[in-house]
Amino acid sequence: MILSVRDLKVSFRTHDGPVRAIDGVSFDLKESEILGVVGESGSGKTVSLLAVMGLITDPNATIEGSIRYKGRELVGLPPRELRRLRGNEIAMIFQDPMTALTPVYTIGWQIAEQIRAHRGLSKSKAMERVEQLLAEVNFPNPHEAMSRYPHQLSGGMRQRAVIAMALSCDPALLVADEPTTALDVTVQAGILDLVRKLRAKHKSAVVFITHDMGVVSELADRVMVMYAGRVVERGTRTELFSDPRHPYTRALLGSIPPLTGQKPRRLPAIPGSPPSLLRLPQGCAFGPRCPARYEPCETGKPGLGASAHAAACFRVAQA
Amino acid sequence: MSEPMTNTNRPILETRSLTKRFSIGTRFSAEGRRTVHAVDNVSLTVRRGETVGLVGESGCGKSTLARCLVRLYDITDGKLLFEGDDITSKSLSELRPLRRRLQMVFQDPSASLNPRRRVGDLVAEPLRIHGKVSAREITARVAELFELVGLLPDHMMRYPHEFSGGQRQRVGIARAIALNPDLVVLDEPVSALDVSVQAQIVNLLADLQEKLKLTYIFIAHDLSVVRQVSTRITVMYLGSIVEEGPAEEVFATPAHPYSQALISAVPIVETTPAGARKRIILTGDVPSPLKPPSGCRFHPRCPIAVDRCRSERPELMEYRPGRKVACHFPTLT
Ligand SMILES: Nc1ncnc2c1ncn2[C@@H]1O[C@H](COP(=O)(O)OP(=O)(O)OP(=O)(O)O)[C@@H](O)[C@H]1O
Ligand SMILES: Nc1ncnc2c1ncn2[C@@H]1O[C@H](COP(=O)(O)OP(=O)(O)O)[C@@H](O)[C@H]1O
Ligand code: SF4
Ligand code: SF4
Ligand SMILES: [Mg+2]
Ligand SMILES: [Mg+2]
């Protein structure tokens, strides 16, 4: 097992009161497996991943639970140790590639520095490696691209440069937070293709965060659906898309307009909007928007249970 | 009795070879004065009651075209006609009576709503500016608009930040329809919204169109949303139209290599094995509109380009009534 997260909880103290951004998230990730994490904005995707990477630096944050990477507990590990892991074995890609790039250096130089810091290669050897990596992420002219500054690249090229940087350490774990959200679909298709190839070639385990059900269905082996800081459904890609169980998953899938076939006259919409974490409803967080709500939902918080394909819903548990 | 939605409906808006160029830099800057060819030779006809969906990659000129259509931008070249009337270079005061009939909704509702004004006030604003109506009439109309867009009457006293993104977009829509427009240009109206809220707004727009007999020009980068709302699709690439046709037809059988790649790249929920769908992955990036390629502007990325494409620019040709393609080798079915 590459990653084992158990009962992860993250809270923030804010002006308006305490916010529990993550409320008991657990998941496992095996070698060369792609886990898709899907949910709307504010559902806790980014915070849960930042917690896993030890990147929550907010002094008002409290993190509880267990995060094991290759069997080793990360919660409570000194920042220096975590930093070493992040550079050597765990790589990250974010929605905005500029968070990983420095505007004042060429991308060739930046990737080479990263390689030299972690691999101790000579400058010329590192540069050679950079060129290979840029070719691997489909830069049409990798040698020329090395001398470009980030602002001279398009959004898609920048993101590919960051992926090349992430690959430079041959990561066992790649964490990607909405890396294609800001990109055009044509560019996105190329990046998804790239992630698939890398998994095959480097056997990296991947956690891929997105709000796009289509992207998850194209990429993930297993899927985790989040709502208001909790996992509401998990399962394999096939289980989740051919047999969605949680009313939220079903409603979300139903509200996506089809790309082929008959257009529905109206889209089946979900009423209301995601709740504020400061004012979570009593009982099931999806309750106020749920068409299947009944008495037990008003007071109790439905749990996920232990089965592989599981939904946190009283109705499902009962069936 | 409602008008049938056919091509015989009267055009409400037309462009003839509409072109918009921006100058950037000065003659003293490193690269000198340069020209961005944002919209290039676009001829588009929008008929009453239809929804024309504008799609294309980021930077292809959708928003620029939209802004030209409502005269937020001055038009560099070509003509803009509203109900047959040439409004290309009408002055702001000459445009005033038209403004009411031609409205625009933007992507980010919070950016277009003054944060210090109550939303009731914001919706009343266009009525005050354009309508010659009393305070009582304004209050009644605002209440009516709130109901139309699905906001509660007691929301009127709130400020924009007290609303969710979906509710703010409802406020933006209420403002746009306040003066009973004929045509509404919607630039990415649902792109900033959560997936679960998008469908509500898409439905609302459809309801309003039916009730108020609106004509829409709809821009979104989510192609399935565009297909859902549009009767016709216009595909743009690097400032020009490359394909046009009935929405379902263009999606089912795209004729231009670019439309084919674009549509095949949309990730969709499937239960077949991941990655099984056949897709065309384009190499290279969108070229800069500062230096558009010669010949067919798509040739550097086109999987079927030949020599002729590098030198000879294909014209937008009408192959069947209402079905246009700009390619030397279109896939016609
Ligand atoms: N005011 C301006 N000055 C100079 N160039 C501009 C200006 N506005 C837009 N452009 C350029 O014109 C081109 C078209 O831009 P536009 O905003 O219309 O694209 P778009 O299709 O709406 O893209 P997106 O999908 O990202 O919204 C781009 O190359 C853009 O950089
Ligand atoms: N530093 C912080 N202080 C307070 N609340 C935070 C902080 N960071 C994130 N949150 C809250 O945690 C919740 C989950 O956020 P996030 O994980 O970023 O969502 P997602 O990535 O799913 O859009 C949100 O309600 C967000 O406002
Ligand atoms: S627990 Fe109740 S309210 Fe929550 S999703 Fe299930 S049925 Fe709906
Ligand atoms: S004209 Fe040539 S390059 Fe352009 S789209 Fe058609 S085949 Fe491709
Ligand atoms: Mg996030
Ligand atoms: Mg735009």
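We did not get these values from a lab; they are worked out from the coordinates using the rules stated. This is a predicted model, so every value here is computed, not measured. Please note: Cβ atoms are built from the backbone with ideal geometry, for glycine as well, and neighbour counts cover all protein chains shown.
Here are the numbers:
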{"read-out": "Helix-only mean residue ellipticity at 222 nm for chain B, each DSSP H run of n ≥ 4 adding -39500 (n - 2.57), per residue, nearest 500", "value": "-8500 deg cm²/dmol"}
{"read-out": "Per principal axis, descending, Cα span of segment A:1-154 in whole Å", "value": "51, 35, 28"}
{"read-out": "Helix axis angle, A:123-136 relative to chain A longest principal axis, alpha carbon, degrees", "value": "50 degrees"}
{"read-out": "Average Cα contact separation per residue, chain B, under 8 Å, 6 or more apart, as relative contact order %", "value": "19 percent"}
{"read-out": "Length-normalised contact order of segment B:113-179 in % [C-alpha pairs under 8 Å, at least 6 apart]", "value": "51 percent"}
{"read-out": "Amide H partners (placed H, <5 Å) of A:V75, local residues excluded", "value": "A:I67"}
{"read-out": "Value of Rg to Rh for chain B (Rh from inverse mean 1/r over Cα pairs, i.e. Kirkwood)", "value": "0.99"}
{"read-out": "B:A135-A:H118 FRET efficiency (beta carbon distance; Förster radius 56 Å; 0.05 resolution)", "value": "0.20"}
{"read-out": "Distant-in-sequence amide H partners of B:G53 (H built 1.01 Å from N, under 5 Å)", "value": "B:F218, B:T231, B:R232, B:I233, B:T234"}
{"read-out": "CD proxy at 222 nm, helix term only [per DSSP H run n ≥ 4: -39500 (n - 2.57); per residue of chain A; nearest 500]", "value": "-10000 deg cm²/dmol"}
{"read-out": "Cβ-derived FRET efficiency at R0 56 Å, A:T102 paired with B:S294, nearest 0.05", "value": "0.95"}
{"read-out": "Most mobile of A:L280, A:L77, A:L35 in a GNM of chain A (Cα contacts under 10 Å)", "value": "A:L77"}
{"read-out": "Cα-based shape type of segment B:286-333, given that a ≥ b ≥ c are square roots of the gyration tensor eigenvalues and the cut on a/c is 1.5", "value": "prolate"}
{"read-out": "GNM result for chain B, Cα springs below 10 Å: residue of B:K62, B:K291, B:K213 fluctuating most strongly", "value": "B:K291"}
{"read-out": "Angle between chain B longest axis and helix B:135-148 axis [Cα atoms, degrees, rounded to 10]", "value": "50 degrees"}
{"read-out": "On Cα atoms only, tilt of A:155-167 relative to the major axis of chain A in degrees", "value": "80 degrees"}
{"read-out": "Local electrostatic count, B:A206, Cβ distance below 12 Å [Lys/Arg +1, Asp/Glu -1]", "value": "+2"}
{"read-out": "Inter-site label distance for A:T236 and A:E73 at 7 Å from Cα along Cβ, in nm", "value": "3.4 nm"}
{"read-out": "³J(HN,Hα), Karplus 6.51/-1.76/1.60, whole Hz, each residue of segment A:32-48, x for Gly, Pro", "value": "6, 10, 10, 9, x, 10, 10, x, 7, 5, x, 7, x, 4, 5, 4, 5"}
{"read-out": "Volume of the Cα convex hull of the protein assembly as shown, divided per residue and given in Å³", "value": "187 Å³"}
{"read-out": "Relative contact order for chain A, counting Cα pairs under 8 Å that sit 6 or more residues apart, in percent", "value": "21 percent"}
{"read-out": "Radius 11 Å from Cβ of A:D184, net charge of other residues (Lys, Arg +1; Asp, Glu -1)", "value": "-2"}
{"read-out": "Segment B:1-95: GluC sites (Glu not before Pro) falling in loop per DSSP and having at most 11 other Cβ within 10 Å", "value": "B:E31"}
{"read-out": "Exposure proxy ranking, count of Cβ atoms within 10 Å, fewest first, for A:E31, B:E188", "value": "A:E31, B:E188"}
